[in-house]
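Scroll down for the structure; my scribbles are underneath it.
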Amino acid sequence: MDAKSPLCVSILVATYNSESTIDECLKAIFELDYPKESLEIIVVDGCSKDATVEIARKYPVKVVSAPLSAPAAYNHAMKIVSNNVLGFVDSDAKVEKEWLSKLVKHLSGAQVAGVSGGIETWNTENALARSLGYDLKSRYSRLNKYVVRVATMNLLLKKSVIEEVGGFDENLPSQYDTDLGFRITSKGYRIIFEPDAKCYHFNRSTVSGYFRQQLQYGKNTAKLYLKHGNLAKGDEITDFGMNIQPFLVLAVIAFFMFGLPEVLRSLWYVSASILVLMFVYYVVSAVKLSVKFKDSVAMLMVLLYLVRALAWFVGAVITTIRFLSGGRR
């Protein structure tokens, strides 16, 4: 990239009831060490019921308000952007000052479709959020330079490539980024991971909030795997050990139910054994995180792993029932 002619970038921020984080999110974008004349900021709001839009309008941004999901909002925004390079930043995330400068330098290659930065925790004062951050950071540490997919939490993509592969799948309210990344890299393009470009994410801070988030992931992960079956084997971010958890929950429930007749009561031991193995797996995984990050609060992941498994199971059941009944959602 010519230092005298920086790439022009359109940064898209999809929001919905984000009043608690949108101010810091936009503030960080406007503090980027990047020429302001080379930036276009568009906030696409899904008709928030709080003060999100009012806060966003305090900044020199384009605000579009429409009852759209995130992937639909991105597809809509791509029709009005001025630049080919699109930056995606979640409304509950804030990027470091050098984030964009560190990422754009990787976009010169014709086969490079995009580049993403590393993820840190924004709300580290909350023990649950900090634990979730350790889990996410550990999973992202397994990534190599070239990846199949990453989250749109902090990501640059070329608009022309997104359009070439058909845009965002609006039938996936979440997991649309996994789907898009898979379609992009399946075309032979590359997505680069640059861990030195930092983004700080506001993780869920309550168990109920985390369950609701993961429930949506569970619903849409099932839909994603129905669309791309080979993704079920897992990858560096979501490995097979995570993907198999809902099936283990199903096995626990199934063996318990089959064991209700007294003659089959021994199946309860199978159910209990699976549950014990899951618990041991959670404890070992949490201990590894505690040791890796030198913070015993990571042991909270024992609970959160179980919450995630249950949420994914319930979400998968809901999607399966709707699929079998002929519904799309």
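Please enumerate the residues belonging to the range 91-127 that are farther than 14 Å from Ala28 by Cβ, of a type in the set (Gly, Ala, Ser) and open to solvent by less than 10 Å² (accessible area, probe 1.4 Å). Across the range 91-127, the qualifying residues are Ala113, Gly114, Ser116, Gly118.
In the range 277-301, of all residues being aliphatic (A, V, I, L, M) and open to solvent by less than 30 Å² (accessible area, probe 1.4 Å), the one that is farthest from Thr206 (Cα to Cα) corresponds to Met278. Within the range 183-214, being crowded, with 22+ Cβ neighbours inside 10 Å and assigned to a loop (DSSP other than H, G, I, E, B) holds for one residue alone: Asn203.
Of the listed requirements (1) touching a helix residue (DSSP H, G or I) at 6+ places or on another chain (Cβ under 9 Å); (2) assigned to a loop (DSSP other than H, G, I, E, B); (3) farther than 18 Å from Tyr74 by Cβ; (4) of a type in the set (A, V, I, L, M, F, W, C), Ala151 misses just one: (3). Hey, can you tell me all the residues within the range 241-251 that are surrounded by fewer than 20 Cβ atoms within 10 Å (Cβ to Cβ), assigned to a helix (DSSP H, G or I) and either in contact with a strand residue (DSSP E or B) (Cβ under 8 Å, 6 or more places away or on another chain) or of a type in the set (A, V, I, L, M, F, W, C) (or both)? Answer for the range 241-251, where residues must be surrounded by fewer than 20 Cβ atoms within 10 Å (Cβ to Cβ), assigned to a helix (DSSP H, G or I) and either in contact with a strand residue (DSSP E or B) (Cβ under 8 Å, 6 or more places away or on another chain) or of a type in the set (A, V, I, L, M, F, W, C) (or both): Met242, Phe247, Leu248, Leu250, Ala251. Gly46 satisfies every condition listed in (1) under 22 Å from Asn203 (Cα atoms); (2) modelled with pLDDT of 95 or more; (3) in contact with a helix residue (DSSP H, G or I) (Cβ under 7 Å, 6 or more places away or on another chain) except (2). Pairing each residue of the range 215-240 that is farther than 16 Å from Thr319 by Cα and part of a helix (DSSP H, G or I) with any residue that is open to solvent by less than 20 Å² (accessible area, probe 1.4 Å) and aromatic (Phe, Trp, Tyr), provided the two are 6+ apart or on different chains, yields no C-beta distance under 9 Å.
In this structure, is Ser141 more than 25 Å from Val81 (Cα to Cα), among the polar types (S, T, N, Q) and open to solvent by less than 10 Å² (accessible area, probe 1.4 Å)? For Ser141, the condition - more than 25 Å from Val81 (Cα to Cα), among the polar types (S, T, N, Q) and open to solvent by less than 10 Å² (accessible area, probe 1.4 Å) - is not met. Of the strands (runs of 3 or more DSSP E) lying entirely inside the range 1-73, those containing at least 2 residues that are surrounded by fewer than 18 Cβ atoms within 10 Å (Cβ to Cβ) span 62-65.
The values are calculated or read from the model by the stated rules, or taken from the named source; none is laboratory data. Remember, predicted model here, so these are calculated numbers, not experimental data. No Cβ is skipped: glycine too gets one built from the backbone with ideal geometry, and neighbour counts run over all protein chains shown. Each accessible area value is taken on the protein alone, full model and side chains, heavy atoms only, with ligands, DNA and RNA left out. Shrake-Rupley method; radii C 1.70, N 1.55, O 1.52, S 1.80 Å.
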